[in-house]
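Report on the structure given below.
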Amino acid sequence: MARRKKLYEGKAKILYEGTEPGTIVQYFKDDATAFNAEKKDVIDGKGVLNNRLSEFFMKGLTQLGIPNHFIKRLNMREQLVRAAEIIPLEIIVRNVAAGSIAKRLGIEEGTPLPRPIVEFSYKDDSLGDPLVPEEYIAAFGWASQQEMDEIVSMALRVNDYLSGVMYGVGIKLVDFKIEMGRVYEGDFPRLIVADEISPDSCRLWDIETGQKLDKDVFRRDLGNLADAYTEVARRLGVMPSNVTHTPTKPTLIN
Ligand code: UDP
């Protein structure tokens, strides 16, 4: 069988040419990186969990009519997605102060923000993904003003959805990062949520105990990252059953 073409390898995923034109296979690796890849490790099972969790969240978005790239899961580590022209921005939504905003503004971590804040970083590892104002985005042509309006409103819808889903399982959605891309219908571009939605790109705190269930466990050496992600998957009912137990007879994986 001909080897499929690798299109791109990032820190946590590899992208291969998809089975049909306009599709891509996303392979989720076990690699974890933080602080612009200064800290690195391999976390057994992380890729399997993120593949499942991103599938779960993207399907939820589809049910709410929020367009996204997910087509179908192919296997434990791979999913088929729509190819999109990625907008070079990390779109960050914050509900509670943590991480860079807490540091930059001297706000204590855990302080609720007056309202959800949407901010943008320019995707460039060599620059450390700098925070950019909307003025830069329009001036450099990374996205049009009309697209920016849509990006903000879609990001807030994703925030409402994710916050609600998490709240339902006793988890506070502190902040998250998404990426969006353009797909073309005829000559007309349309925005879709792309990349992934997983605990790698969210801050998730247990509502009762404040326990961190996201990549900060790795960034700040707070324990076992796979255990934290498994807990999120367990609460959401998306445990990859074939990973966590040994079946005594053949089971159908769907
Ligand atoms: N985030 C991400 N990728 C990045 C930067 C941030 O997924 O390259 C996520 C991060 O996990 C958090 C949110 O975006 O959920 C806000 O991150 P922040 O700006 O506080 O940066 P950090 O403290 O992670 O450097």
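The values are calculated or read from the model by the stated rules, or taken from the named source; none is laboratory data. These numbers were taken from a predicted model, which means no experiment stands behind them. Quick reminder, even Gly has a Cβ in these numbers, built from the backbone with ideal geometry, and neighbours come from all protein chains shown.
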| field | Counted residues, segment 16-61 - those being surrounded by fewer than 13 Cβ atoms within 10 Å (Cβ to Cβ) and either at pLDDT below 95 or outside any strand (DSSP E or B) (or both) | value | 9
| request: Keeping to segment 98-123, report how many residues are away from the ligand (no atom under 11 Å from the Cβ), at negative phi and without any contact (Cβ under 8 Å) to a residue 24 or more places away in the chain. | output: 8
| query | Is one or more of the residues making up segment 186-205 free of Cβ contacts under 8 Å to residues at least 60 places away in the same chain and part of a helix (DSSP H, G or I)? | reply | no
| message | From the list I192, I197, exactly one residue is more than 9 Å from the ligand (Cβ to nearest atom), in contact with a Phe, Trp or Tyr (Cβ under 8 Å, 6 or more places away or on another chain), aliphatic (A, V, I, L, M) and under 29 Å from K72 (Cα atoms). Which is it? | response | I197
| field | Residues (within 14 Å of G60 (Cβ to Cβ) and either outside any loop (DSSP other than H, G, I, E, B) or within 16 Å of the ligand (Cβ to nearest atom) (or both)) located in segment 160-174 | value | D160, Y161, L162, S163, G164, V165, M166, Y167, G168, L173
| Where a residue in segment 9-36 is under 20 Å from D129 (Cβ atoms) and among the β-branched types (V, I, T) and its partner, wherever it lies, is assigned to a strand (DSSP E or B) and within 16 Å of the ligand (Cβ to nearest atom), with Cβ under 8 Å and at least six apart | T33/K39; T33/K40
| request: Report whether or not N95 is buried (at least 22 other Cβ atoms within 10 Å of the Cβ), among the polar types (S, T, N, Q) and either within 16 Å of the ligand (Cβ to nearest atom) or at pLDDT 95 or above (or both). | output: no
